1. Compute the angle between helix A:9-19 and the longest alpha-carbon principal axis of chain A, please, reported from 0 to 90 degrees and rounded to the nearest 10.
2. Can you grab the distance from the C-alpha centre of the stretch A:150-176 to the C-alpha centre of the stretch A:98-125, Å, no decimals?
3. Under 8 Å for C-alpha pairs, at least 6 residues apart: give me the relative contact order for chain B, rounded to a whole percent.
4. Helix A:330-340 against the longest principal axis of chain A: what's the angle in degrees, Cα atoms only, rounded to the nearest 10?
5. Hey, which of these cross-link pairs are over 20 Å Cα-Cα: A:K288/A:K366; A:K285/A:K371; B:K45/B:K182; B:K15/B:K107; A:K199/B:K211; B:K268/B:K290?
6. Quick check on the stretch B:50-192: take the gyration tensor over C-alpha atoms, sort the square-rooted eigenvalues as a ≥ b ≥ c, and tell me if it's rounded (a/c under 1.5), prolate or oblate.
7. At 1.306 mPa s and 10 °C, plugging the Kirkwood radius over alpha-carbon pairs of the stretch B:3-314 into Stokes-Einstein gives what diffusion coefficient in µm²/s?
8. Ranked by Cβ crowding within 10 angstrom, fewest neighbours first, how are B:R103, A:R18 ordered?
Amino acid sequence: MAKPIGLEVSLAVSEAVRLCDCDVVAAYPITPQTHIVEHLSELVANGHLNAAYIPVESEQSAMSSCIGSSAAGARTFTATSSQGLALMNEMLYIAPVLRTPIVMAIANRALSAPINIWNDHSDIMSVRDAGWVGLFAENGQEALDLTIVSFRVAEDRQVSLPVTLNIDGFTLSHFIEPILLPTLEEVAAYLPPFKPLVKLDIAKPISMGLLGTPESYAESRKATDDVLLGSLSVIKKAFAEFHKAFGREYKAVETYKSDDAETVLLTMGSISETAMTAVDEMREKGEKVGLVRLRVWRPFPSEDFLQAVSKAKNLAVIDRHISLGVPFGPVCLEAKSLLYDAPARPSVTNFILGLGGRDVTREDFKEITQKAKALSGKSQSRFDLIGVWE
Amino acid sequence: MKAYETPYAKIPNNKAFPRGLDSLASGHRACQGCGEVLALRLLLKALGTDFIAVSATGCMEVCTAPFPQSAWRMPWIHVAFENAAAVASGVESATQILRKKGRGPDKRIPVVAIAGDGGTADIGIQALSGALERFHENFIYVCLDNEAYMNTGIQRSSETPFGANTTTSPSGSHSKGQTTWKKDMPAIAAAHGIPYVATANPAYHLDLMNKIRRAAAIEGPAYLHVYAPCPTGWRMKPELAVESGRLATMTRIFPLYEVLDGLYVINKKVDSPKPIEDYFKIQGRFKHLKPEDIAYIKKRVDSEYEDLVRLAETFPVPAPIAAEG
């Protein structure tokens, strides 16, 4: 049995890309994504990864090159963050419709202004409608494992869509954790060779990226949505087979002590580990509190989510992004819209915290739990920004 | 191997014009008399179909590929407006690594990025500069220059010539039309130290076709700047596209030349230029120009042509290269 090694999470993601025998990496440096791409370029430079590394001149070109590379039949990876993701925006909406299964790690970071290099989820939330599969990792092992799963899901011919793997910038990406590295053989047995659904091939010419007139545009968008919604079953199958192959079990929606919980906290990403510690401490004091975590953000795992939260009395939805001009954060909006039609639904409250790298502590989750209980059955007119200085 | 020594399958004369299907099928929706689609058809025909084409958004993309139809007989991809060079970079890198890993055809596959003047000299210049600087081996970039944003309705670009009337550089009581000089894209491309830069013009069709063949044969990035007469946008009779092309070169407005490893060759020497007025008078976009404006343009056009001659004399190609007639 392999032993875990101490590895920075960014490097674990790069190692996963190596284990997946990726063909092309096109990337532009941005904090806090840099360690991922630095390590990848080292792996290529030292012959540990037989790939083309394209040191592009912007993120817009990074994503454009990735689309071209994936369309030409190469297993393709990139990584970015914040402003870089924003600069890719136009291309992010094109990649899914062209069915190019790119895998992109995002070291999640706040969007400007003010310029800020630290963690929150405003980058990924700005592109949540683009049509990518979206996964959130909680810890280093999960970041490595989900990178491998991402390639498998993206390249599944039923899916053939790009995937974002979200890892919290610095608070996850820069931590050194004990991580189990699978072998190349183990990964090859799990991840079949890339056989593209569509491909630029001189032996069989096709045209990609045609003009969508009013007679075909809507159909094209709907077809992409159908595939994205349908990808959830492929994701679940990929998780199940990962469990079988590597012994680590992942679900679309993770629950922690939530079965009998009166108050459930809903989180995504690395703050969930802090939240679990807070849940343990509150449980010790008799508080009936639990945690539900979304590992899959897109497609939204609606049924799994409803099943996980509908028995609770209170649901405290935690967002890491302010949707300016809207009373609630984006995760809360999804939760509320799904719960509106549910036969039994908890009282939903929304809390935003950890913006721009503001520290998230166990005490924050305790405060949120108390506030959610106090607001139970009452209407909250706007999100509550935890820890804000007035 | 030096760029100027690289052998390529030159088409010597019209008798040797490539036969068979056009690589760009008929039935596309380009305007009547379009000189841009003529240039594109000839360029693609010269290459056959064993290459991958990448288009920027623009006239040539819109008129050739309305779903479910496509005029492209080779693998073709369009992603967006400003990024043809970056998409082509990805395609080129993918074909190289797949060949190396034994998963793609075991031969060089040219990747041809095609964009208009706006997609090249304005919004696409960053992606183009990046691609040229990275020195992709099988990368050819073709700028089809019709000297304005024609697809959106004749707005000025940095390639619009001085004095031209466009919808965003209108001539009026306080303006001569375009007030800036045409951006010298071939010089910018050549400044990247790439092995091959050339200008071409569909009025000199064999020269045009041979230049893309040469670009495909040379290892390293190539940039072709192609004159693309636009009767619609230039307010010109549709039968005059080729005529305007001949005049553009014979008045020295659009000289035909190559830059091979930094060495200059003028393909069509113009010792006694035709009167520049002949070029202007067939195009409505210049009809407001006064004699003094034309005199100013002529002076600058001649001066730039003489600079080019000096470059060709100072940095000549050692091997003799026949000028195309």
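1. Its long axis makes an angle of about 40 degrees.
2. 12
3. Relative CO of chain B lands at 18 percent.
4. 70
5. Violating the 20 Å limit, Cα to Cα: B:K45/B:K182; B:K15/B:K107; A:K199/B:K211; B:K268/B:K290.
6. oblate
7. So the translational diffusion coefficient is about 81 µm²/s.
8. Exposure proxy ranking, most exposed first: B:R103, A:R18.
Each reported figure results from applying straightforward, stated rules to the coordinates on display, with no laboratory input. Nothing here was measured: the structure is a model prediction, and the numbers come from that model. Ideal geometry is used to build each Cβ from the backbone, glycine not excepted, and the neighbour counts take in all protein chains shown.
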